[in-house]
Each structure stands twice: as structure tokens, then as C-alpha cells.
1. Using 0.36 nm per residue, how much length does the chain from residue 18 to residue 60 gain when fully extended, once their Cα-Cα distance is taken away?
2. Mind checking which aspartates and glutamates have their C-alpha under 16 Å from residue 79, skipping anything on the same chain fewer than 8 residues away?
3. Please give the length that would be gained between residue 46 and residue 105 if that part of the chain were fully extended, namely 0.36 nm times their separation in residues minus their C-alpha to C-alpha distance (nm, one decimal).
4. Please state the Cα pair-distance histogram of the range 21-106 with 5 angstrom bins from zero: what percent is in each bin?
5. Can you give the local net charge around residue 39? Use residues other than it whose beta-carbon is closer than 9 angstrom to its beta-carbon, Lys and Arg +1, Asp and Glu -1.
Amino acid sequence: MKLVFLVLAASVLLLGCLQYEKVSDVVANPDNYKGEINLRGEVVDRLAIGGLSGFTLRDESNASIPVKWNGFIPAAGQKVRVSGVVMRTLGALGGPAYLDAIKVEAE
């Protein structure tokens, strides 16, 4: 029983330690973000056309970023936590940023 409590307590502490970036910062300076980042916010739009699917995420900074996600698309208005890699629509040529999601979880 004590072991279960310790595992749960450690999980809560680790989840609370995740650092979430502001969408406005990511959109303004996408090249500053290398590797996996974490965002949280509200789903405002959804897209699912053939093999292309995703949604738009808006956070408390009121900025939005497209999220490419091949899993279940959350409902509009749902609050989510997203982990992924910042990409540019035109690759090395620049272009608007989007998040290539690795994990999407409901809050």
C-alpha cells in the first residue's frame, strides 16, 4: 500500500514539473525551439481530410498554432496538453510554424 502511494505521489510531482511554453512565444520565434516542447490550451478548430488531420490550439496568451495529429481529434472547446516538435510549413525556407504532435491528452 505504501508503495502504491509513493508511486502516485511521484507521478503527481513529475506531472506538475512539466514546463509549458506560451504559444505566442513559439509562433513569434519558432526557430528557438529544438526538440520536444509542451503546450496547453483549448482546441478551437478541427481538421480531418483523408490522411491529413489536426487541430488549432489557443492558449491563455490568445495566440494560436496549428497542431498536426494523426490520433483522435479532441472536440472544439476541449482543454488539452500537447507534446510535440515545432516545424515550419516550408521547411528550411521558413514559413509559419506548426506543432507536429507526439502526444495529446485531455486536461
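Taken together, the values in this text are just the output of simple stated rules run on the coordinates, not laboratory data. Not measured: the values here are computed from a predicted model. Glycine gets a Cβ as well: all are built from the backbone with ideal geometry, and neighbour counts include every protein chain shown.
1. Numbers: separation 42, 0.36 × 42 = 15.12 nm, distance 1.69 nm.
Gain in length upon complete extension: 13.4 nm.
2. Of all the aspartates and glutamates, those that pass the test against residue 79 - Cα under 16 Å, at least 8 places apart if same chain - are 21, 42, 45, 59, 60, 105, 107.
3. Values: separation 59, 0.36 × 59 = 21.24 nm, distance 1.54 nm.
Difference between extended and current length: 19.7 nm.
4. Values per bin, smallest distances first: 3, 16, 29, 27, 17, 7, 1.
5. Values: positive: 22, 40, 81; negative: 21, 59.
Once positives and negatives cancel, what remains is +1.
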